[in-house]
1. Exactly one of (1) closer than 16 Å to ALA8 by Cα; (2) in contact with a Ser or Thr (Cβ under 7 Å, 6 or more places away or on another chain) is unmet by THR84. Its number?
2. Restricting attention to region 1-22, report how many residues are within 11 Å of GLU35 (Cα to Cα) and touching a Lys or Arg at 6+ places or on another chain (Cβ under 6 Å).
3. Is it the case that TYR187 is farther than 18 Å from LYS138 by Cα and in contact with a strand residue (DSSP E or B) (Cβ under 9 Å, 6 or more places away or on another chain)?
4. Could you list, in sequence order, the residues of region 80-90 that are of a type outside the set (A, V, I, L, M, F, W, C) and in contact (Cβ under 8 Å) with a residue 60 or more places away in the chain?
5. Within region 1-89, considering only helices (runs of 4 or more DSSP H) that don't extend past its boundaries, which have at least 3 residues that are surrounded by 22 or more Cβ atoms within 10 Å (Cβ to Cβ)?
6. Of the residues LEU175, LEU201, LEU160, which is among the aliphatic types (A, V, I, L, M) and over 23 Å from LYS149 (Cα atoms)?
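Taken together, the values in this text are just the output of simple stated rules run on the coordinates, not laboratory data. For clarity, every value in this text was computed on a predicted model and none was experimentally measured. Virtual Cβ from ideal backbone geometry, glycine too; neighbours counted across all protein chains shown.
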Amino acid sequence: MYIISHRANDNHSFKENTIEAIKGVLNKDYIDGVEIDIRLTKDNKIVLYHSPIIYNLGLISNNNLKEIKKYANELNDVLKKIKTNKLILIDIKCEICKEDIFIEKLHKIIKKYKKLNIYLCSFNYKLVKKIKEKYKYKTGLIISNMINKNKNIESFDFILMNYRIYHKINKALMLWTINKKEIIDKYKNEEIYIITDKPYLVQKE
């Protein structure tokens, strides 16, 4: 079992998806990787943020970087400060977005960080399919009970599955988001990735 910090959360006071939180969790020996969320701004900059709406400014996609910069870090600024061989799982938030532009902007950034162990994923089937067909990045599809449940997953390197619909598949599997120790412990002897907001619950001895 491997532990992935969801949005860089753990028992710290930093805001999720920030440089401070990411560097902090990656320094913990009981954490095997970090999951972060990215979105595209109106002027086609990639920032770390989970929600499509940022404070009282509205949609991130309707704001330029300068308007939201104090609330969200740029992806490039984060990656250039990371030195680790741990897993960096990037969740591409693109419910309605400029997919082709997002993909090219993302590629332009992450190609500079070949030493990082970067995995890309999204709920957006079309987007991650395009990435997989065009580039050699480790790419995965996120599946819930309502979204992507019946999609063809053969071309992907890994799958992220809501733990409530867990079933074994012939691929690397990540389960999200489990925040109860008794549930996490069920998988402790399996070759599986657990995404959690509370990695500290399962500190390695």
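1. In the conditions (1) closer than 16 Å to ALA8 by Cα; (2) in contact with a Ser or Thr (Cβ under 7 Å, 6 or more places away or on another chain), THR84 misses (2) alone.
2. Total meeting the criteria: 2.
3. Numbers: farther than 18 Å from LYS138 by Cα: yes; in contact with a strand residue (DSSP E or B) (Cβ under 9 Å, 6 or more places away or on another chain): yes.
Spelling it out, TYR187 is indeed farther than 18 Å from LYS138 by Cα and in contact with a strand residue (DSSP E or B) (Cβ under 9 Å, 6 or more places away or on another chain).
4. Taking region 80-90 first, the residues of a type outside the set (A, V, I, L, M, F, W, C) are 80-81, 83-86.
Result: LYS81, LYS86.
5. Numbers: elements: 19-26, 65-68, 75-79.
Where helices (runs of 4 or more DSSP H) fall fully within region 1-89 and carry at least 3 residues being surrounded by 22 or more Cβ atoms within 10 Å (Cβ to Cβ), they are 19-26.
6. Working: LEU175 fails: over 23 Å from LYS149 (Cα atoms); LEU160 fails: over 23 Å from LYS149 (Cα atoms).
Only one candidate qualifies: LEU201.
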